[in-house]
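Participant: I am attaching a structure below and will ask some questions about it afterwards.
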Amino acid sequence: MESKVRRIGILTSGGDAPGMNAAVRAAVRNCVHHGIIPIGIRRGYNGLIHADTMVMDARSVNGISDRGGTMLYTARCDEFKTDEGIAQAVRTCRYAGIDGIVAIGGDGTFRGAGKLSAAGINTIGVPATIDNDIGCSHYTIGFDTAANTAIECIDKLSDTMQSHERASVVEVMGRHAGHLAVYVGLAVGATAILVPEYPVDFERDVLEKIRQGRYNGKRHHLIVVAEGVGNTQGIADRIENETGIDARVSIIGHIQRGGSPSARDRTMGARMGHMAVEQLAAGKTDLVVCYRDSHLVTIPIAEALQMTKPMDPYMYQVAYDVSI
Ligand code: ADP
Ligand code: F6P
């Protein structure tokens, strides 16, 4: 069926995530499929405010799915949090004939998307962040690649730490959430995982586990710390002072946000980007595309922003029980 939507704008906003390009590609190509003109908007909401847009076609997104980052660039735009910023973005849409927006990013991006929708521009959110901290969606684009990158770094680290019989305290990203830390910690066989969601008894859950491990023949002790816990150096100092084992800190940092996206992030990006355009083409607005129980569904933005994602207690428990 011919869509009445003529032009759809696509933007990426907030921290980049591997797989965003696959989402952009699928959104662009699905626009073309529907006879809609895709408009790339550069640097998140900045591009909407400053009319930094480009007309795209199917060929504009050739060969981008295997690249990390985002071809549309991303930014954090404080101006968009103001009424004037929103009004300016609406003027850009009207002037450029943009009937709808696909906003790819995290919950901050969805807050902006909700306001844009309320101002009369149909907008659909696509969850992309390595933190996997979006309550409405069981998965967010970028998490799998970031986890695998962190795991690869830690595997390398383990070689040297094992040779020196040291303890390594490794900080992974996640902002205020520990999803990435628990997943990575379980995968690398961490002795302890520290996340903001679960306070630990440091003596019992960290120091005693290290001492017991050493007594049982472990030569390397790996402590994975979510950045939201803070004071990673202080944790390493305490381990060294109280166990006598040499401890070193490694902060994986932005490396875990880059790299070629995994199969999961490419396919999830493609499916979500495609679905966002399906929604706009059908005249829908004010929704987030969410992955829940192996299916893509949509949830109203306001409702999505109220949802929280608790830490998976079973995954945490497994990691704890087997870290002996
Ligand atoms: P993420 O989308 O990854 O959570 P941010 O929280 O940095 O990242 O948000 C990305 C952008 O979304 C912000 O820079 C801003 O442009 C927009 N944004 C965030 N919160 C709001 C808000 N309350 N109102 C309007 N726009 C917002
Ligand atoms: O939200 C993604 C994320 O990588 C967080 O894990 C981290 O806290 C933050 O972004 C880092 O932001 P920046 O790129 O501004 O340093």
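Participant: Against the globular-protein guess of 2.2 N^0.38 Å, express the Cα radius of gyration of segment 53-110 as a ratio, rounded to two decimals.
Facilitator: Relative to the rule-of-thumb radius for its length, segment 53-110 sits at 1.33.
Participant: Show me 172-178, 139-145, 317-323 ranked by packing, highest mean number of other Cβ atoms within 10 Å first.
Facilitator: 139-145, 172-178, 317-323
Participant: With the convex hull built on the Cα atoms of segment 184-324, state its orientation-averaged projected area in nm².
Facilitator: Projected over every direction and averaged, the Cα hull of segment 184-324 covers 11.0 nm².
Participant: Go ahead and estimate [θ] at 222 nm for the chain from helices alone: -39,500 (n - 2.57) per DSSP H run with n ≥ 4, summed, over the residue count, rounded to 500.
Facilitator: Here the helix-only value at 222 nm equals -12500 deg cm²/dmol.
Participant: Peptides 222-235, 17-30: what's the order by average Cβ count within 10 Å, highest mean first?
Facilitator: Going by the mean number of other Cβ atoms within 10 Å, highest first, we get 17-30, 222-235.
Participant: Rounded, prolate or oblate: which one fits segment 1-74, using the alpha carbon gyration tensor with axes a ≥ b ≥ c (rounded when a/c is under 1.5, else prolate when a/b beats b/c, else oblate)?
Facilitator: In terms of gyration-tensor shape, oblate.
Participant: So, one more: Going highest first, how would you order 53-64, 122-133 by mean Cβ packing within 10 Å?
Facilitator: Result, highest mean first: 122-133, 53-64.
Participant: Excluding residue 134 itself, calculate the net charge of residues whose Cβ lies under 9 Å from the Cβ of residue 134, where each Lys or Arg counts +1 and each Asp or Glu counts -1.
Facilitator: So the surrounding residues net to -2.
Participant: Expressed as a fraction of 2.2 N^0.38 Å, the rule-of-thumb size for a compact globular protein of N residues, what is the C-alpha radius of gyration of segment 40-185?
Facilitator: With N residues counted in segment 40-185, Rg over 2.2 N^0.38 Å equals 1.31.
Participant: Shifting gears a bit: Between the helical axis of 143-163 and the dominant principal axis of the chain, each derived from Cα atoms, what acute angle in degrees is found, rounded to the nearest 10?
Facilitator: Helix 143-163 sits at roughly 20 degrees to that axis.
Participant: Would you mind giving the three semi-axes, in whole Å and largest first, of the ellipsoid equivalent to segment 144-258 according to its Cα gyration tensor?
Facilitator: 21, 16, 12
Participant: Using each residue's phi in segment 307-319, evaluate 6.51 cos²θ - 1.76 cosθ + 1.60 at θ = phi - 60° and report the 3J(HN,Hα) Karplus result to the nearest Hz, with x for Gly and Pro.
Facilitator: After applying 6.51 cos²θ - 1.76 cosθ + 1.60, I find 7, 10, 10, x, 4, 6, x, 5, 4, 5, 5, 4, 4 Hz.
Participant: Roughly what % of Cα-Cα distances in segment 98-143 sit above 15 Å, to the whole percent?
Facilitator: I get 39 percent for the Cα pairs in segment 98-143 exceeding 15 Å.
Participant: Round to a whole number: what % of the accessible area of segment 1-153 belongs to carbon and sulfur, probe 1.4 Å?
Facilitator: Solvent-exposed carbon and sulfur of segment 1-153 make up 49 percent of the total.
Participant: Can I ask one more? Taking only the C-alpha atoms, wrap a convex hull around segment 199-261 and report its volume per residue in Å³ as a whole number.
Facilitator: 117 Å³
Participant: With a probe of 1.4 Å, find how much accessible area the chain has per residue, and write the answer as a whole number in Å².
Facilitator: Here the per-residue accessible area is 43 Å².
Participant: On to the next question. Compute the orientation-averaged projected area for the chain from the convex hull of its Cα atoms and round it to one decimal in nm².
Facilitator: For the chain, the mean projected area of the Cα convex hull comes to 16.4 nm².
Participant: What does the charge add up to near residue 202, with Lys and Arg as +1, Asp and Glu as -1, over the other residues with Cβ less than 14 Å from its Cβ?
Facilitator: Combined, the nearby Lys, Arg, Asp and Glu give -3.
The values are calculated or read from the model by the stated rules, or taken from the named source; none is laboratory data. Keep in mind it's a predicted model, so treat the numbers as computed, not measured. We place every Cβ from the backbone using ideal geometry, glycine too, and count neighbours over all the protein chains shown. These area figures cover heavy atoms from the full protein model, side chains too; ligands, DNA and RNA do not enter into them. Shrake-Rupley method; radii C 1.70, N 1.55, O 1.52, S 1.80 Å.
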